[in-house]
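See below for the structure under consideration.
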Amino acid sequence: MANIPMDIITDLFLRLPATTLVRYRILSKPCFSLIDSPNFIESHLNQTLQSGDHLMILLRGPRLLCTVNLDSPDKVTDVEHPLKTGGLTEVFGSCNGLIGLSNSPTDIAIFNPSTRQIHRLPAESVDFPEGSTTRGYVFYGFGYDSVNDDYKVVRMVQCKGGKADELVFGFPYEIKVFSLKKNSWKRITRVIPAIQLLFYFYYHLLYRRGYGVLASNSLHWVLPRRPGLIAFNAIIRFDLDTEEFGILDFPEDLAHENIDIGVLDGCLCLMCNHEFSYVDVWIMKEYKVEGSWSKLFRVPKPKSVESFDFMRPLLYSKERDKILLEINNAKLVWFDLKSKRFRTLRIKDCDSSYSAELLVSSLVLGCKGDPTEVMRRKERLAREDKIMQERNKRDDFLSKGFKLVL
């Protein structure tokens, strides 16, 4: 390998999965430096996202957390991580090869399953408003802020007072955002009234509704209608750049339907469940433009399932003639857009129910730590080099001595 030009090695390495590159770091010092460099990590991520290669599915069940290679469903790898305890660890989002993990509101981490690198978030206490003593539901969101080149975690905690199971309208709340670049938390004080309603209603029926859906640099949650309380559905958005909440418009015809949201091809999509017999999938091709919503396709209820409570599209096949669907948090199926037929994606040794997240193979967080630490090391080395250069110049000047002119 010593005789191969470095640009050819770089081009080859960009096409490999992150798990392989982690092993290749020991080949030589140049390979080690290349794979650990921030520029290579960014280029490798861009190559993976553009090509669609090395896609994985992260499966989470009651006692299950594993990755499955989409091209080889028989390759199942258990995910072990330092946050793992005897209880259940929540997975609340996937972005650029990273996932958000939580054991509690004060025990949260960002983790890369490909490199096994983890960044534990600083423990941040819940600041209970006056009169509140306990917490209720906790909603999370995780995403990449492309404007500020930063990864952020949103934590929204419902605060309650009195009896823990007492439900009264209008619980107070606490919302904080974590920045990986700053490695610190920030409290969000300016929120819209609809956020308070978000905490009150029935996210325990579909737990993933409490996890923000990432699209167009924003996280999204559905606020479902409730007869007598909320007249119509709403989609709440949180802009990762401005760190402000807002309401996202969608077709008025769907304001009273049973809806959920997801992301397909990088665009926000909306699933409209019609009396649990079929689901219409809508997509927003141009973000924040209400007129850009269009109905993409309809999915009939498969004969192999008794109920059709939940359906979410994950991705297109490479030929773009099929869609991978997650149904009822229990199974994955390929849906042929032309023939309308289903084909179950069978995964080896995985018979229990599970939820699925798409996961790309990436080196983000680095092989030796998070990108913030990598940048700090780079800046520290640059400062040390500058000091050394100045010292050498001074020593060189002194070694020449002085010429005294009389």
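The values are calculated or read from the model by the stated rules, or taken from the named source; none is laboratory data. Because the structure is a prediction, the values reported are computed rather than measured. Heads up, the Cβs are rebuilt from the backbone with ideal geometry, glycines too, and the neighbour counts pull from every protein chain shown. With ligands, DNA and RNA removed, areas are computed over all heavy atoms of the protein, side chains included. Shrake-Rupley method; radii C 1.70, N 1.55, O 1.52, S 1.80 Å.
Key figures
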item	result
Candidate set: the stretch 119-146, residues that are farther than 30 Å from VAL364 by Cα and assigned to a loop (DSSP other than H, G, I, E, B); chosen: the one modelled with the highest pLDDT	ASP127
The lone exception for LYS75 - which of (1) farther than 24 Å from ASN328 by Cα; (2) touching a strand residue (DSSP E or B) at 6+ places or on another chain (Cβ under 9 Å) it fails	(1)
Residue within the stretch 253-273 that is open to solvent by 70 Å² or more (accessible area, probe 1.4 Å), in contact (Cβ under 8 Å) with a residue 12 or more places away in the chain and in contact with a helix residue (DSSP H, G or I) (Cβ under 7 Å, 6 or more places away or on another chain) present	no
Positions within the stretch 1-33 being open to solvent by 30 Å² or more (accessible area, probe 1.4 Å), without any contact (Cβ under 8 Å) to a residue 40 or more places away in the chain and in a helix (DSSP H, G or I), in sequence order	MET6, ASP7, ILE8, THR10, ASP11, LEU12, ARG23, TYR24, LYS29, PRO30, PHE32, SER33
Among the residues listed as LEU205, LEU167, LEU198, LEU219, the single one being open to solvent by less than 10 Å² (accessible area, probe 1.4 Å) and either at pLDDT below 70 or not in a strand (DSSP E or B) (or both)	LEU198
Cross-chain or 6+ apart pairs with Cβ under 8 Å, the stretch 97-124 first and buried (at least 23 other Cβ atoms within 10 Å of the Cβ), then among the basic types (Lys, Arg)	ILE108/ARG120; ILE108/ARG155
Residue satisfying condition, being surrounded by 18 or more Cβ atoms within 10 Å (Cβ to Cβ) and at pLDDT 80 or above, within set LEU358, LEU314, LEU337	LEU314
Number of the condition not met by GLU42 [criteria: (1) touching a strand residue (DSSP E or B) at 6+ places or on another chain (Cβ under 9 Å); (2) under 30 Å from ILE323 (Cβ atoms); (3) among the acidic types (Asp, Glu)]	(1)
Of residues in the stretch 238-252 being surrounded by fewer than 14 Cβ atoms within 10 Å (Cβ to Cβ) and in contact with a strand residue (DSSP E or B) (Cβ under 7 Å, 6 or more places away or on another chain), the one nearest to SER146 (Cα to Cα)	ASP241
